[in-house]
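S.K.: What follows is a single structure, and I will ask about it in a moment.
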Amino acid sequence: MTINEIQDQIIEEFSAYDDWMDRYAYLIEMSRELPPLDQKYRTKEYLIEGCQSRVWLAAELKDGKIYYFADSDALLVKGIVALLVRVLSGQKPEDIVKAELYFIDRIGLRENLSPTRANGLLAMLKQMKLYALAWEAKMNRQ
Amino acid sequence: MLNLSDIRNQFPILNQKVHGHQLVYFDNAATTQKPQAVLNTLNRIYRETYSNIHRGVHYLSEQSTEEYENVRKIVQEFLHAARPEEIVFTSGTTGGINLVAFSFGEKYVNRGDEIIVSEMEHHSNIVPWQMLCQRKGALLRVIPFRDPGILDLEAFQNLLNEKTRIVAVAHASNTLGTVNPVKEIVQMAHARNIPVLVDGAQAVQHLPVDVQHLDCDFYVFSGHKIYGPTGTGVLYGKEKWLEELPPWQGGGEMVECVHFDHTDYAEVPLKFEAGTPNIAGVIALGEAIRFLQKTGWDDIRRHEEELGRYARAKLSEIEGIRFFGDAPGKIAIFSFLVRNLHPYDTGMILDKLGIAVRTGMHCAQPVIDHYGIEGTVRASLVFYNTTEEVDRLCEGIRKAITVLSR
């Protein structure tokens, strides 16, 4: 599926919930579906710094596609990471770099974009795109 | 007795719904809300008497100067300082500490000297001293705290030596709620002729402060944490210190006469107030203090103590709650963790229930490190809060447990 197809799918899933409690429950469910993070990635090097919660994020390139691996010690944050991973993992670097993640707005997670939420979506998204940029540049050189 | 509904009516922001629920504002240690009288004053100043101070010959300037200088007297009385000249207006607690760290440091701190802070300080009472130490090659020493959040005065005694230049310590901890024995700390330091700066950011809104009784050399606080406007603050300094310390920032207001070969500085306290100050803010801060005094310390103290006891008891009923800081006589600040819930998750659920708390490290990372945790949830209460709101918090935490443990 393309990035946008997955985004639309998530929007569709979220539309079933009209109150935040269900949405949070859904995020928590998402967090449980995130595969456990390999210990080698649970290091300072892969940590996205912030005061609110810890987020680890790593990426691997396989057959020209990027696969993300992530975890957080806060459940709701982990749920958000899981959504991002679901949307961007297994995509081509160039698609990730130019992806516009409109699903965030549409599922009512906008508040998590606030710059004060240092470990919010914005920081994770930036890191994911940085990985993609780096791989893209590397592939172009080859 | 406080008439709570009357008090609450004076804080218009409290009367609103957040995410469909009546707002419960328990983030008062971060900043307090403003009573109508303060809002009215800000509005009145800009509508009626606003002008720059200390220099104009015209009517508005004189009016503004008079009101601004009158607040110096209000603050002097509020802190029981000996003279209004001992009151310097700053941008806040951080501004006041940086001023002292710079000016005192310039004159009295040299390579190999030592500065003492405590383990329970807010970052703003650590970093300015750290920067001074780096500048001068001095050493930062730390008074540790012990369970349940009490400074180890014996360790403090051992830290004091002939190299110690100044001691900087919080009157009350923003994370643990502990009220420190500052008078005793001052006595111990003074026995060796070492001055003490007291960070009153979390104390002035909860208990009457008498700087002459404490005998501290400097006392700082923020206007915005005592129901006044943001960007206002106070540095109290004993006159002898303020006279001796060099100015921190240069500019207008703080000078007597300026020539290219030399400048004569203004007298204390204007020497420390470079540039146009926060005129309207300071005048409204005076109104906030008046509001507190009108409400009355006895009633405020009684209500906050009752509220604190109630909150401590009710929160304790929640299974698996752990408190950080449980010193006797503490102010109504509760840092806690519930079972294995991440504070950020708890805070996000509480937010959706209309309850505002702080989560994380509370700008006091050494306190969090002390316990080997990642952060806490913090509920900080003041006199406009109610026992019903405490019940809402407890209910919210229980809901968070249900949602997050599913």
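S.K.: Within the stretch A:79-95, can you find the residues that are within 14 Å of another protein chain (Cβ to nearest Cβ) and either under 12 Å from A:Tyr24 (Cβ atoms) or in contact with a Lys or Arg (Cβ under 7 Å, 6 or more places away or on another chain) (or both)?
M.R.: A:Gly79, A:Ile80
S.K.: Out of the stretch B:359-397, which residues are of a type in the set (Lys, Arg) and either crowded, with 24+ Cβ neighbours inside 10 Å or within 21 Å of the chain's Cα centre (by Cα) (or both)?
M.R.: The one that is of a type in the set (Lys, Arg) and either crowded, with 24+ Cβ neighbours inside 10 Å or within 21 Å of the chain's Cα centre (by Cα) (or both): B:Arg378.
S.K.: Taking the residues in the stretch B:330-345 that are buried (at least 24 other Cβ atoms within 10 Å of the Cβ) and farther than 30 Å from B:Leu207 by Cα as candidates, determine which candidate is nearest to the chain's Cα centre (by Cα).
M.R.: Among them, the one singled out is B:Tyr344.
S.K.: List every residue pair whose Cβ atoms lie under 7 Å apart, where the two residues are 6 or more positions apart in sequence or sit on different chains, the first residue falls within the stretch B:128-142 and is closer than 16 Å to B:Phe156 by Cβ, and the second residue, located anywhere, is assigned to a helix (DSSP H, G or I).
M.R.: B:Trp129/B:Ala101; B:Leu139/B:Cys133; B:Leu140/B:Trp129; B:Leu140/B:Gln130; B:Leu140/B:Cys133; B:Arg141/B:Leu159
S.K.: Oh, and also: Output the residues belonging to the stretch A:21-76 that are assigned to a strand (DSSP E or B) and within 14 Å of chain B (Cβ to nearest Cβ).
M.R.: Within the stretch A:21-76, A:Leu47, A:Ile48, A:Val55, A:Trp56, A:Asp71, A:Ser72 qualify.
S.K.: Specify which of the listed residues (B:Leu341, B:Leu337) is under 18 Å from B:Glu395 (Cα atoms), part of a loop (DSSP other than H, G, I, E, B), touching a residue at least 12 places away in the same chain (Cβ under 8 Å) and within 14 Å of chain A (Cβ to nearest Cβ).
M.R.: B:Leu341
S.K.: Of all residues in the stretch B:359-380, which are touching a residue at least 60 places away in the same chain (Cβ under 8 Å) and more than 10 Å from chain A (Cβ to nearest Cβ)?
M.R.: B:Ala364, B:Pro366, B:Val367, B:His370, B:Thr376, B:Arg378, B:Ala379, B:Ser380
S.K.: OK, next. With respect to the numbered conditions (1) more than 13 Å from chain A (Cβ to nearest Cβ); (2) touching an Asp or Glu at 6+ places or on another chain (Cβ under 9 Å); (3) crowded, with 24+ Cβ neighbours inside 10 Å, which one is the sole condition not fulfilled by B:Ala356?
M.R.: Status for B:Ala356: all satisfied but (3).
S.K.: Something else now. Answer with yes or no whether B:Glu317 is of a type outside the set (A, V, I, L, M), under 22 Å from B:Val24 (Cβ atoms) and exposed (fewer than 15 other Cβ atoms within 10 Å of the Cβ).
M.R.: yes
Throughout, read-outs are computed from the coordinates displayed, never taken from laboratory work. All figures in this text were calculated on a predicted structure; none of them were measured in a lab. Glycine gets a Cβ as well: all are built from the backbone with ideal geometry, and neighbour counts include every protein chain shown.
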